[in-house]
Structure formats: structure tokens, C-alpha cells
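To start, the structure itself, in C-alpha cells.
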Amino acid sequence: MISEAQFQSELQQIIQNGIREDIGPGDYSSLACIPETAVGKAKLLVKDNGIIAGVAFAKMIFQHVDPALKVETFIEDGAQVKHGDVVFHVSGSSQSILKSERLVLNSMQRMSAIATKTNAFVQLLEGTTTKILDTRKTTPGFRAAEKWAVKIGGGENHRFALYDMIMLKDNHNDFAGGITLAIEKTKVFLAKNNLDLKIIVEARNLEEVEEILNNNGVYRILIDNFNFEDTRKAVKLIGSKCLTESSGNINENTIRDYALCGVNYISSGALTHSVYNMDLSLKAL
């Protein structure tokens, strides 16, 4: 996984790009009618139910726009919220609050939706030993915030990108000439480049599971689009040789049944690509 310093750098890049995109040469609406010296206060109002996420990220945005802005927090990231709750107050330059508003809302609405969906999956897995993972199916340019939201919701992060873990999926294996060749070439590449990366290999059927097991050095097997019966067989075949991960069209109705097959992880792109933003607003006080 990427380091904390890399992760923080990604978050700062999201903020910088978001501010650039939204403000451009200036917030002319505010500049036109609000004096530069005006000060004000606003509240973050919840108009939905779920898990709030992005409070700490909002503080980073306010700090970036205007270090003089002050935030008084009433509800922290990861808390259950309901319609009518007030998460925080922000006070200071009225122009600065308005410059920050849209990026704060866009970020928190999406992060809260992801945290809420993740938490629902976590609840469905309660009593099992299976953990829920996100994927790289994230919004371009917003990945760090979305993966942060998964953690806030109680899930775990998969690899961040293509550079922090080896994941040999069907196309890699096919292009490389087969699973065994793909694994062998990967080991040579890692050794040659002095890289210490975990290797995950996808299996499309039980025969491929057996082939993967004939190779040493695989950290986790991705049991992709298996039915329940074959998932149980794969878990039994793999035993303690390496970790197991199920994926492929797993939803709220099937996730617990896959967990009960004994897999260590379930990865779901739906955590980040199939959510409806939580309704939030920033209102002047």
C-alpha cells in the first residue's frame, strides 16, 4: 500500500485541482456583492440519513482556501447522522467560505455516500471473518478521498493503484501466455527491479486455482465470478496456502453467502461506483 505521506499528497492534489476547477480566475459572484472585509458563519446541514464522511477533508479544504477560517465540529467522521443534524460550523471571511462551499459539499456528499454503503456491507458481514475491500473503480482524480471514505465506513482498502501491488488478472495472464508464465515473469521482474510487492492472481475456474497453487509466492487468489459451490471448493483447495478474495457482481443479497463460503476478503466496485450522494448543504447563519 502507499505511504501516509503519498496519501496526503494525493489529497492535497485533489484539493488544488478542485479549487482550480471551481474558482478559476475568481469567484466573481462573491466578489461582485460581498465586501472583502465581510465575515460570516455557516453550518453544514444534513438532509439525509447515513454515515457522515469527509469532515476532516472539509477542514483541509477550508485550510487550503483560507488558513484563518475556523471550524467548530459537532459530529466526527464515521458517525451515524440523520436529517436535521448539524455537523460543523465554519466562520471567517464570507468570501472564503463561499469559495470553499462547493468543493466541501461535493466531496462530503460523495464520501458520505461511500461510507454509508460500505458500512451497510460491513453490517451484512457481521459474525463472519470476511472483510470488505474497495477496488480501483473510483472517480478519476478523486480516488484518495473515496478510499478514505471506505475506511471511514468500516471497510478496508485494496491496492491504491497499479504500482503498489501486483494483480495478475485474466488479461495479464492471457497476454503473458498463461497463468504460470505470468507469475514466473512477475517474479523475475520484481527481483530485477528490487521491488517488494505482494502478488494477487485471478482464477476463472477451479482448474486455474490448482494451477496458481502450483506456483510459490502468491499472496492471494482472486476467486472471480464463482458460484457459491465452486467458491467453497476453491477455499478448501487453497486452505492456508494463501489468502482468498471473492469478487464479481457481489451485492447486498449475496455478500453474506459468499462470506460464509470462507473467503478472507470480498472486493466490491459498487462501494465507489454505485452510490447516491448524501444530501448535505452549507447554510449561512
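Would you be able to tell me the number of residues in the stretch 126-149 that are loosely packed, with under 15 Cβ neighbours inside 10 Å, of a type in the set (Val, Ile, Thr) and farther than 19 Å from Tyr276 by Cα?
Selection size over the stretch 126-149: 1.
Can you name every residue in the stretch 18-34 that is touching a residue at least 24 places away in the same chain (Cβ under 8 Å) and either open to solvent by less than 80 Å² (accessible area, probe 1.4 Å) or of a type in the set (D, E, K, R) (or both)?
Gly18, Ile19, Asp22, Ile23, Asp27, Ser30, Ile34, listed by residue number.
Restricting attention to the stretch 72-100, report how many residues are part of a strand (DSSP E or B), open to solvent by less than 30 Å² (accessible area, probe 1.4 Å) and among the β-branched types (Val, Ile, Thr).
Residues in the stretch 72-100 being part of a strand (DSSP E or B), open to solvent by less than 30 Å² (accessible area, probe 1.4 Å) and among the β-branched types (Val, Ile, Thr): 3 in total.
Is it the case, given these coordinates, that Lys117 is farther than 19 Å from Thr139 by Cα and either in contact with a Ser or Thr (Cβ under 9 Å, 6 or more places away or on another chain) or in a strand (DSSP E or B) (or both)?
Against the criterion (farther than 19 Å from Thr139 by Cα and either in contact with a Ser or Thr (Cβ under 9 Å, 6 or more places away or on another chain) or in a strand (DSSP E or B) (or both)), Lys117 does not qualify.
Within the stretch 205-212, identify whether any single residue is under 14 Å from Ile166 (Cα atoms), buried (at least 21 other Cβ atoms within 10 Å of the Cβ), of a type outside the set (Gly, Ala, Ser) and at pLDDT 95 or above, and answer yes or no.
Within the stretch 205-212, none of the residues are under 14 Å from Ile166 (Cα atoms), buried (at least 21 other Cβ atoms within 10 Å of the Cβ), of a type outside the set (Gly, Ala, Ser) and at pLDDT 95 or above.
Look at the stretch 25-61 and say how many of its residues are touching a His at 6+ places or on another chain (Cβ under 9 Å) and among the acidic types (Asp, Glu).
Result for the stretch 25-61: 1.
For Ile152, are the conditions met, namely being open to solvent by 20 Å² or more (accessible area, probe 1.4 Å) and in contact (Cβ under 8 Å) with a residue 40 or more places away in the chain?
yes
Against the conditions (1) crowded, with 16+ Cβ neighbours inside 10 Å; (2) closer than 30 Å to Val81 by Cα, where does Leu285 fall short? Just the number, please.
In the conditions (1) crowded, with 16+ Cβ neighbours inside 10 Å; (2) closer than 30 Å to Val81 by Cα, Leu285 misses (1) alone.
Looking at (1) surrounded by 15 or more Cβ atoms within 10 Å (Cβ to Cβ); (2) out of contact with any Ser or Thr (no Cβ under 9 Å at 6 or more places or on another chain); (3) outside any loop (DSSP other than H, G, I, E, B), which is the only condition Gln8 fails?
(1)
Quick check on this structure: which one of Val55, Val46 is open to solvent by less than 30 Å² (accessible area, probe 1.4 Å), within 26 Å of Gly269 (Cβ to Cβ) and touching a residue at least 24 places away in the same chain (Cβ under 8 Å)?
Val55
The values are calculated or read from the model by the stated rules, or taken from the named source; none is laboratory data. Quick caveat, the model's predicted, so the values are computed rather than measured. Glycine gets a Cβ as well: all are built from the backbone with ideal geometry, and neighbour counts include every protein chain shown. Quick note on the areas: whole protein, heavy atoms, side chains included, nothing else; ligands and nucleic acids left out. Shrake-Rupley method; radii C 1.70, N 1.55, O 1.52, S 1.80 Å.
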